[in-house]
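Novice: The structure follows.
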Amino acid sequence: MPPTDTTPEAPTPEEAPKTPLSKTPLPETAPSKTPLPHGDTPGIRFEKVVKRFGGNVVLRELDFTVAPGERVTLIGPSGSGKTTILRLLMTLEKVDDGVIWIGDRSLSHMERGGRRVPANEKHLHEMRKQVGMVFQQFNLFPNMNVLRNLTEGPVHVLGVSRDEAVERARGLLDMVGLADKIDAHPSQLSGGQQQRVAIARALAMQPKVLLLDEVTSALDPELVVGVQDLLRDIARQSDLTLLCVTHEMHFARDISDRVLMFDQGQIVEEGPPEQIFGDPAEQRTRDFLQAVLAT
Ligand SMILES: Nc1ncnc2c1ncn2[C@@H]1O[C@H](COP(=O)(O)OP(=O)(O)O)[C@@H](O)[C@H]1O
Ligand SMILES: [Mg+2]
């Protein structure tokens, strides 16, 4: 069954995960006792990645690296392939050429008898477990209450006991400020609340890499800042490797160690946020920033 945006996890029993250990206590702003993922965080590397849809070449031998624990924001025009990059990392799409690495393992290939062969389902599953994604349109399971949205994946995909999954879900709901919505269904929640649940659900899977795809662009303006503040806290308190796509430039500035300006399948320029937003080198970046800031 090919995974899609609307079915974020296909529950399949797997062996129990390693429990992540927090090296540092959470600051007082987060009331939760639940540790965020820490330790042995992998980085990401795209190596000459090509992705086409029919004759439309979306990624052209794309090369970039995100270091372990680094927080990188991708900016660039609509339709330039940013979501495709995240969907490839989620194994929702396959590369046509090149290699995507998560840590020291290829997403699309595995070693067998010293040779590199195409990944089988088990390898894909192992790799997928390391990566969590929050989508623009939340993509919660509409027929499940908040608690089950947070426990289905851990129980069925990670093999966590139901008691442990529930305890962890409570901790995460505390952290996102929605402990009182544990029995609610998604349709009973505001967009901002649904996105908080989606963030908690992604973290419940104990990912090492977190992908954020324009996570506030479907929200009413007054709800945007709260969700951004939450994500900023999460980014600061964990050592997750973070790859974020956003059109909110102040959020990008706040959350990232590095910004990649992306256009027509390739990185146009990259640098620390102060440089990209304050003194971009490339005309294409200047034009893009001007257009975004004018809206
Ligand atoms: N499943 C798909 N089938 C065909 N074309 C697609 C598909 N997904 C994306 N595309 C095309 O790939 C290009 C990049 O899309 P996308 O990655 O969504 O861009 P962005 O997120 O930067 O707006 C667009 O031209 C889009 O139409
Ligand atoms: Mg997109």
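The values are calculated or read from the model by the stated rules, or taken from the named source; none is laboratory data. Keep in mind that this is a model prediction, so the values were computed, not measured. Virtual Cβ from ideal backbone geometry, glycine too; neighbours counted across all protein chains shown. Ligands, DNA and RNA are stripped out before the accessible areas are found, and what is left, the full protein with its side chains, is counted by its heavy atoms. Shrake-Rupley method; radii C 1.70, N 1.55, O 1.52, S 1.80 Å.
Novice: Counting heavy atoms of the protein chains only and a 1.4 Å probe, report the per residue accessible area for the stretch 135-206 as a whole number of Å².
Specialist: The answer is 39 Å² per residue.
Novice: For the chain, with a Gaussian network of springs between Cα atoms less than 10 Å apart, report the residue from Ser256, Ser106, Ser161 with the top mean-square fluctuation.
Specialist: Highest fluctuation among the options: Ser161.
Novice: Continuing with the same structure: In a Gaussian network model over the chain where Cα atoms closer than 10 Å are linked, find which of Ile255, Ile44, Ile182 has the largest mean-square fluctuation.
Specialist: The residue that fluctuates most here is Ile182.
Novice: Another question, then. Please compute the alpha carbon radius of gyration of the stretch 135-206, then divide it by the globular-protein estimate 2.2 N^0.38 Å. Two decimals is fine.
Specialist: 0.97
Novice: Given charges of +1 on the Cβ of Lys and Arg and -1 on the Cβ of Asp and Glu, with all other atoms neutral, how large is the dipole of the stretch 221-295 about its Cα centre, in debye to the nearest 20?
Specialist: For this selection, approximately 40 debye.
Novice: Okay, next question. Classify the chain: rounded, prolate or oblate, from the alpha-carbon gyration tensor (a ≥ b ≥ c, eigenvalue square roots; a/c under 1.5 rounded; otherwise prolate if a/b is larger than b/c)?
Specialist: Taking the square roots of the gyration eigenvalues as a ≥ b ≥ c, the chain is oblate.
Novice: Helix-only mean residue ellipticity at 222 nm, the chain, DSSP H runs n ≥ 4 weighted -39,500 (n - 2.57), per residue, nearest 500. What is it?
Specialist: -9500 deg cm²/dmol
Novice: While we're looking at this one, here's another question. Which entries of Lys48/Lys94; Lys129/Lys181; Lys48/Lys82; Lys48/Lys122; Lys51/Lys94 have Cα-Cα distances beyond 19 Å here?
Specialist: In this structure, Lys129/Lys181; Lys48/Lys122 exceed 19 Å between Cα atoms.
Novice: State the percentage of accessible surface on the chain attributable to carbon and sulfur atoms; use a 1.4 Å probe and exclude ligands, DNA and RNA.
Specialist: Here it works out to 50 percent.
Novice: Cβ neighbours within 10 Å, averaged per peptide: list 140-151, 216-227 in order, most packed at the top.
Specialist: 140-151, 216-227
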